[in-house]
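Student: Take a look at the following structure, please.
The values are calculated or read from the model by the stated rules, or taken from the named source; none is laboratory data. Values in this document were obtained by computation on a predicted structure and should not be read as measured data. Neighbour counts are summed over all protein chains in view; Cβ atoms, including those assigned to glycine, are modelled from backbone coordinates with ideal geometry. Surface accessibility is based on the protein's heavy atoms, side chains included, excluding ligands, DNA and RNA. Shrake-Rupley method; radii C 1.70, N 1.55, O 1.52, S 1.80 Å.
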Amino acid sequence: MAPDPLGQAGPGRPADPVPLALAGPARGARARPPRHLADLPLAQRRDVVAGLGQPPFRASQLSRHFFGRYTDRPEEMTDLPRDARDPLAQALLPRLLTAERELSCDAGTTRKTLWRTFDGALVESVLMRYPDRVTMCVSSQAGCGMACPFCATGQAGLTRNLSTAEIVAQVVAGARVLADGHVPGGPGRVSNVVFMGMGEPLANYAAVIAAVRRLTDPVPAGMGISQRSVTVSTVGLVPAIARLAAERFSVTLAVSLHAPDDELRDTLVPVNRRWPVAEVLAAAWDYAAATGRRVSIEYALIRDINDQAWRADLLGSLLAGQLAHVNLIPLNPTPGSKWTASRPAAQREFVRRLQAHGVPVTVRDTRGREIDGACGQLAASVLVPAAAEPSP
Ligand code: SAH
């Protein structure tokens, strides 16, 4: 079991008491995670510090510990006066996530963590180390309300939105494990963040946008990760894509298309009934024009469902000439799913036809499969009963 960097229960302080009927994983907007410095811009952290009767520059000191040294432990903050450490940490650095389970594969270079939040919700994050980069795949919601039938997270519905700090803490935890040299390959840094864990990031817009700021602002305001190395992935919530474009970030937008025609996409990505393919793609091209960033079109290849040659041609004709590339994901079958990944020949033909339209294509590797840490397999609710069983 790896060390548990940010992992003891926070001093759970829900804004309202949770009614008995809703005990367990919180539902609705009642439960509020305790305030954390990663929820606040630096100026507001200074106000909190001043309110405690401390000089405002202590906000920067605390922030450096969290965003630069990945610690929230008062005893490690030796530049702070001893008697100020505990009150400051209690006010601004509550533990938000408890590591409930840690699984690794790919010789230790893929690590999935199941986190428990202060109110018992479960979320997962995955760290993936490659020769040239380290990517953290983070959750933006506990569960997801989008109900895509091929996605494990979608099956259990939405529990609640995560707070900004709950999102950021997943990345900071990965950064700490890496900095401490606990991932094979020597000490390292998180270079990339993808919002491809549990949840629909654009359905938790304000918290996700603030998390992008915290991740990408320089230390001490934030973690100093490059905006170009952050990817926000969406089912295609058109008004929110337009809002994101107006933020003028240089983050990458990934659109989970999965079908080029409304008839099929209505079933694979139910929100398509509200914002159909043409509207989603129009929003994506507006995003590309506003930011200059190439949009990533995600397409899970599902055998005999969306992998036909004619669909490859239709997709190719929709994307030709646009600032886009296609990321094909061999479907990771989820428990009980009647669907499976495409045959190799169908996948090759799909790639060939897209390329014939001049559309750049990559096939995503399927890291973390053995630990259910691969795309679409993050389903913490499924792990709950398993956690109660004797370990294998
Ligand atoms: N809600 C966001 C983030 C979800 S996960 C979104 O939909 O984009 C990131 C990607 O994994 C999405 O493209 C999603 O469609 C895909 N995915 C989900 N389940 C999958 C599965 N079983 N196999 C392959 N990809 C899957």
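Student: Which of the residues spanning the range 284-310 are within 16 Å of the ligand (Cβ to nearest atom), in a helix (DSSP H, G or I) and farther than 13 Å from residue 256 by Cβ?
Tutor: 287
Student: Related question: In the range 200-213, is there at least one residue being among the aromatic types (Phe, Trp, Tyr), on the phi < 0 side of the Ramachandran plot and away from the ligand (no atom under 14 Å from the Cβ)?
Tutor: There is no residue in the range 200-213 that is among the aromatic types (Phe, Trp, Tyr), on the phi < 0 side of the Ramachandran plot and away from the ligand (no atom under 14 Å from the Cβ).
Student: Another question, if that's okay. Going residue by residue through the range 226-240, is there one that turns out to be in a helix (DSSP H, G or I), buried (at least 24 other Cβ atoms within 10 Å of the Cβ) and more than 14 Å from the ligand (Cβ to nearest atom)?
Tutor: no
Student: Please go through the range 138-167 and give me each residue that is hydrophobic (A, V, I, L, M, F, W, C) and under 30 Å from residue 304 (Cα atoms), ordered by number.
Tutor: Across the range 138-167, the qualifying residues are 144, 146, 147, 148, 150, 151, 152, 156, 158.
Student: Can you pull out the residues in the range 37-52 that are open to solvent by 60 Å² or more (accessible area, probe 1.4 Å) and closer than 16 Å to residue 211 by Cβ?
Tutor: 44
Student: So, in the range 341-363, exactly how many residues are loosely packed, with under 15 Cβ neighbours inside 10 Å and β-branched (Val, Ile, Thr)?
Tutor: Final tally of qualifying residues: 1.
Student: Could I ask something else about it? Look at residue 86 and say whether it is modelled with pLDDT of 95 or more and under 30 Å from residue 178 (Cβ atoms).
Tutor: yes
Student: Among what's in the range 248-267 and is in contact (Cβ under 8 Å) with a residue 12 or more places away in the chain and out of contact with any Ser or Thr (no Cβ under 9 Å at 6 or more places or on another chain), pick the residue that is surrounded by the fewest Cβ atoms within 10 Å (Cβ to Cβ).
Tutor: Checking each candidate, the answer is 262.
Student: Next question, about the same structure. Could you count how many residues in the range 332-358 are among the aromatic types (Phe, Trp, Tyr) and either away from the ligand (no atom under 13 Å from the Cβ) or out of contact with any strand residue (DSSP E or B) (no Cβ under 9 Å at 6 or more places or on another chain) (or both)?
Tutor: 1
Student: Let me ask you something else. For residue 383, all conditions in the list (1) open to solvent by less than 30 Å² (accessible area, probe 1.4 Å); (2) among the hydrophobic types (A, V, I, L, M, F, W, C); (3) modelled with pLDDT of 85 or more hold save one; what is the number of the exception?
Tutor: (3)
Student: Go through (1) away from the ligand (no atom under 16 Å from the Cβ); (2) buried (at least 21 other Cβ atoms within 10 Å of the Cβ); (3) not hydrophobic (A, V, I, L, M, F, W, C) for residue 141 and report which single condition fails.
Tutor: (1)
Student: Restricting attention to the range 53-97, which residues are over 19 Å from residue 117 (Cα atoms), outside any helix (DSSP H, G or I) and open to solvent by less than 10 Å² (accessible area, probe 1.4 Å)?
Tutor: Answer for the range 53-97, where residues must be over 19 Å from residue 117 (Cα atoms), outside any helix (DSSP H, G or I) and open to solvent by less than 10 Å² (accessible area, probe 1.4 Å): 77, 80.
Student: State whether the residues of the range 167-188 include one that is surrounded by 24 or more Cβ atoms within 10 Å (Cβ to Cβ), within 14 Å of the ligand (Cβ to nearest atom), over 21 Å from residue 154 (Cα atoms) and not hydroxyl-bearing (Ser, Thr, Tyr).
Tutor: no
Student: Show the residue pairs that are 6+ apart or on different chains and have beta-carbon atoms under 6 Å apart, the first residue being within the range 335-359 and touching a residue at least 40 places away in the same chain (Cβ under 8 Å) and under 13 Å from residue 301 (Cα atoms), the second being of a type outside the set (D, E, K, R) and exposed (fewer than 13 other Cβ atoms within 10 Å of the Cβ).
Tutor: 349/309
Student: Out of all the residues in the range 126-144, which are assigned to a strand (DSSP E or B) and more than 17 Å from residue 158 (Cα to Cα)?
Tutor: 126, 127, 128, 129, 130, 133, 134, 135, 136, 137
Student: Which residue pairs have Cβ atoms under 7 Å apart, sit 6 or more places apart or on different chains, and have a first residue in the range 182-207 that is basic (Lys, Arg) and a second that is in a loop (DSSP other than H, G, I, E, B)?
Tutor: Here the result reads none, with nothing in the range 182-207 linked to a residue that is in a loop (DSSP other than H, G, I, E, B).
Student: Just one of 206, 211, 259 is within 30 Å of residue 317 (Cα to Cα) and small (Gly, Ala, Ser); which is it?
Tutor: None of the other options fit; the residue is 259.
Student: Taking the options 319, 323, 328, name whichever one is surrounded by 18 or more Cβ atoms within 10 Å (Cβ to Cβ) and either over 15 Å from residue 150 (Cβ atoms) or in contact (Cβ under 8 Å) with a residue 60 or more places away in the chain (or both).
Tutor: One residue alone meets the criteria, 319.
Student: If residue 280 satisfies every condition in (1) over 29 Å from residue 133 (Cα atoms); (2) buried (at least 19 other Cβ atoms within 10 Å of the Cβ); (3) more than 16 Å from the ligand (Cβ to nearest atom) but one, which is the exception?
Tutor: All conditions pass for residue 280, except number (3).
Student: Let me ask you something else. Can you tell me how many residues within the range 98-125 are surrounded by 20 or more Cβ atoms within 10 Å (Cβ to Cβ), among the charged types (D, E, K, R) and in a loop (DSSP other than H, G, I, E, B)?
Tutor: Total satisfying the criteria: 1.
Student: Step by step: first the residues of the range 145-166, then only those that are touching a strand residue (DSSP E or B) at 6+ places or on another chain (Cβ under 6 Å) and over 18 Å from residue 116 (Cβ atoms), then the one that is farthest from the ligand (Cβ to nearest atom). Which residue is that?
Tutor: 157
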